[in-house]
Every structure is written in structure tokens, then in C-alpha cells.
Amino acid sequence: MFTVFLKSPLVAVLQGKPYSINDELCLTVEQIIPTQDVEEYMRGMTENALGNINLQTETK
């Protein structure tokens with residue numbers, strides 16, 4: 001069993017690939033949706049939008 005912690009509220013799809021090395025079982029976990037560059041872009045847009053909302057509420 002494994003736990004995944006994401007730093008953003010975005011939905012993520014992960015793909016796990018089990019394999020073995022000698023007698024040891026291993027698991028590679030890769031985020032496939034959204035891709036890393038799309039996630040960074042979306043996170044930046046979200047932070048920018050939240051910053052704009054904070055500025056608007058502070059000036060009122």
C-alpha cells in the first residue's frame with residue numbers, strides 16, 4: 001500500500017507499474033494526467049487568480 005500527497009487541489013491520475021528485482025517487489029508510480037508541465041501551468045493560473053481575488057477583497 002502507498003499514500004500519495006499532492007500539493008494542489010487538482011485531480012491527478014497515477015499509473016503504477018509493479019516489478020521485481022531479485023526477490024524484492026517494487027512499484028513505480030507515475031503521474032499521467034495532468035502531465036507535469038500542464039500541472040505547473042494550472043497551478044500558476046490558480047495562484048494568480050487567488051492573488052487577484054485577495055487584492056480585490058483588500059481594496060474594498
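Ranked from highest to lowest mean number of other Cβ atoms within 10 Å per residue, what is the order of the peptides 33-41, 17-25? Don't jump to the answer; show the numbers that get you there.
Working: 33-41: 11.9, 17-25: 7.2.
Sorting 33-41, 17-25 by mean packing, highest first, produces 33-41, 17-25.
Placing dummy labels 7 Å off each Cα toward the beta-carbon, the span from residue 24 to residue 42 is 3.4 nm.
Find, to one decimal place in angstroms, the Kirkwood hydrodynamic radius of the stretch 13-59, where the mean of 1/r is taken over every pair of different Cα atoms and then inverted. Before the final figure, lay out each step's value.
Working: mean 1/r = 0.0730 Å⁻¹.
The answer is 13.7 Å.
No lab work stands behind these numbers, since they all come straight from the coordinates. Because the structure is predicted, anything quoted here is derived from the model rather than measured. Quick reminder, even Gly has a Cβ in these numbers, built from the backbone with ideal geometry, and neighbours come from all protein chains shown.
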